[in-house]
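Visitor: Before I ask anything, let me first share the structure, which is written out below as structure tokens.
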Amino acid sequence: MSQNLQNHRQFVPLFHFVTFGLLVMNLIRALWVFLPVTRASFYDTGLAVGLVLLCWYTRAFPLTVQDRVIRLEERLRLQALAPDLAPASGKITPAQWTALRFASDAEFPALARQVLDGRLVKPADIKSAIKDWRADHLRA
């Protein structure tokens, strides 16, 4: 399937909606029965909070690592495609690198230059400026 601005986000329904939804419902139930406070209700509420946090961080930690890898890949790509811009690459934020990864090799240097010049700041604006979308099917 061809990837573009409208369809590049990926959701895993069983994780994003079912698992997280069930954990949130469990948390609400645990909070509901928390009063009167007993050892059992305190334990149930603590467990429910812990499960929601576990689900959240199970997603957040790998995304942070993935963003670091994307930043490294795109810095190397910038160095290969536009060596004159490489020294200024430290000014590009991680969110901007993540948006730039969708740009084709042909338009990547020009978009990077616009980011460095401050003409493209928000990741959504960078993605909107991409004409020739380079799909990334490995990001979940």
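The values are calculated or read from the model by the stated rules, or taken from the named source; none is laboratory data. Predicted model, so just to flag it, every value in this text is computed and none were measured. Glycine gets a Cβ as well: all are built from the backbone with ideal geometry, and neighbour counts include every protein chain shown. These area figures cover heavy atoms from the full protein model, side chains too; ligands, DNA and RNA do not enter into them. Shrake-Rupley method; radii C 1.70, N 1.55, O 1.52, S 1.80 Å.
Visitor: For residue 11, work out the one condition from (1) in a helix (DSSP H, G or I); (2) closer than 30 Å to residue 103 by Cα; (3) at pLDDT below 90 it doesn't fulfil.
Guide: Single failed check for residue 11: (1).
Visitor: Determine which member of the set 44, 67, 136 is part of a helix (DSSP H, G or I), acidic (Asp, Glu) and either in contact with a Lys or Arg (Cβ under 7 Å, 6 or more places away or on another chain) or surrounded by 17 or more Cβ atoms within 10 Å (Cβ to Cβ) (or both).
Guide: 44
Visitor: While we're looking at this one, here's another question. Is it the case, given these coordinates, that residue 89 is surrounded by fewer than 20 Cβ atoms within 10 Å (Cβ to Cβ), in contact (Cβ under 8 Å) with a residue 40 or more places away in the chain and either part of a helix (DSSP H, G or I) or in contact with a strand residue (DSSP E or B) (Cβ under 7 Å, 6 or more places away or on another chain) (or both)?
Guide: Considered against the rule, which asks whether it is surrounded by fewer than 20 Cβ atoms within 10 Å (Cβ to Cβ), in contact (Cβ under 8 Å) with a residue 40 or more places away in the chain and either part of a helix (DSSP H, G or I) or in contact with a strand residue (DSSP E or B) (Cβ under 7 Å, 6 or more places away or on another chain) (or both), residue 89 comes out as no.
Visitor: Could you go through segment 16-25 and let me know if any residue there is under 27 Å from residue 133 (Cα atoms), assigned to a helix (DSSP H, G or I) and within 30 Å of the chain's Cα centre (by Cα).
Guide: Yes, segment 16-25 has at least one match.
Visitor: In segment 41-59, is there at least one residue being over 30 Å from residue 100 (Cβ atoms), modelled with pLDDT under 90 and of a type in the set (A, V, I, L, M, F, W, C)?
Guide: Yes; the residues of segment 41-59 include at least one that is over 30 Å from residue 100 (Cβ atoms), modelled with pLDDT under 90 and of a type in the set (A, V, I, L, M, F, W, C).
Let's see how each residue does on (1) open to solvent by 60 Å² or more (accessible area, probe 1.4 Å); (2) over 12 Å from the mean Cα position of the chain (by Cα); (3) closer than 30 Å to residue 26 by Cα:
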position	(1), (2), (3)
54	yes, yes, yes
59	yes, no, yes
83	yes, yes, no
110	no, yes, no
115	no, yes, no
118	no, yes, no
